[in-house]
Amino acid sequence: GPAFLITVVGKNIFGSTKAGVALFLSGSIAAILCAAIATRKGQPSAASEIPAQPVSLSNALVSSVEKAARAVGSAAIWICLFQGLVYGLENCFGSLPDEIKIFLEVTTGCAVCAEKRSLPLASAACAFGGFCVHCQILPIIKEAKIKYRYFFKYRLLHSALSYFLTSLWVKMMPPEAVFAPTGGAQIRFDGLSIALLLLISMAFIWDTAPRKEKQTN
């Protein structure tokens, strides 16, 4: 998403907000191209609609916070697991090739790409997501009845397209806008960012909470 690509990868890892915007635009355009390729044959099948059950705003707030906390906790556990895997492999076999690190866990991979001063490679890593992210969304893939090999194929396509598009962006950007190292992948938040995140969360909850229609006699 834009928060990760622009803030974490662009601003904090590469030291350039413009680099993060280039990553976001390249990934978005590549995703649209992948969607166009995936749907070029035939029309989408009609799906049966499941009516939403009415939920009060207070219940929606509690449920959203609970599910968000569960999702964040799950993501953190997967990240710790893959970080431990990398450290364990390095302890056993020495330093791992950068290509393995890049496509195992995306945040660590982007830090490696920053060391290589390669924004297109970071774009490819973000588009692929890393096997850590794949494990996080496997339940969704299974629920949607999508075969993993089909998902994996389009992740590779998305990665290749993102790499190509970001390479074009880099040629049009001055060097200082592409890479300005900040001394590490540190995540920083300020008061305005936190306030905006809270407002966006409140607006999302309000927009998705079913509204009770007024009944007139």
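Does segment 145-168 contain at least one residue that is open to solvent by less than 80 Å² (accessible area, probe 1.4 Å), over 19 Å from the mean Cα position of the chain (by Cα) and at pLDDT 90 or above?
Scanning segment 145-168, I find at least one residue that is open to solvent by less than 80 Å² (accessible area, probe 1.4 Å), over 19 Å from the mean Cα position of the chain (by Cα) and at pLDDT 90 or above, so the answer is yes.
Answer yes if at least one residue in segment 86-106 is under 14 Å from the mean Cα position of the chain (by Cα) and modelled with pLDDT under 80, and no otherwise.
Checked against the condition, which is being under 14 Å from the mean Cα position of the chain (by Cα) and modelled with pLDDT under 80, segment 86-106 yields no hits at all.
Scan segment 100-121 for residues that are acidic (Asp, Glu) and open to solvent by 40 Å² or more (accessible area, probe 1.4 Å) and jot them down. Walk me through how you get there before you give the answer.
Step one: of segment 100-121, the residues acidic (Asp, Glu) are 105, 115.
The one that is acidic (Asp, Glu) and open to solvent by 40 Å² or more (accessible area, probe 1.4 Å): Glu115.
If you go through segment 28-50, how many residues are modelled with pLDDT under 70, open to solvent by 100 Å² or more (accessible area, probe 1.4 Å) and not hydroxyl-bearing (Ser, Thr, Tyr)? Give the derivation first.
First pass over segment 28-50, keeping only residues modelled with pLDDT under 70: 41-50.
So of that shortlist, the ones also open to solvent by 100 Å² or more (accessible area, probe 1.4 Å) come out as 41, 43-46, 48-50.
With the extra rule that they be not hydroxyl-bearing (Ser, Thr, Tyr), the set shrinks to 41, 43-44, 46, 49-50.
Matching residues across segment 28-50 total 6.
Going through segment 1-27 one residue at a time, which ones are in contact (Cβ under 8 Å) with a residue 60 or more places away in the chain, open to solvent by 40 Å² or more (accessible area, probe 1.4 Å) and over 16 Å from the mean Cα position of the chain (by Cα)?
The answer is Lys18, and nothing else.
The values are calculated or read from the model by the stated rules, or taken from the named source; none is laboratory data. This structure is a prediction, so every number in the text was calculated from the model and none was measured. Cβ atoms come from the backbone with ideal geometry, glycine included; neighbour counts cover every protein chain shown. With ligands, DNA and RNA removed, areas are computed over all heavy atoms of the protein, side chains included. Shrake-Rupley method; radii C 1.70, N 1.55, O 1.52, S 1.80 Å.
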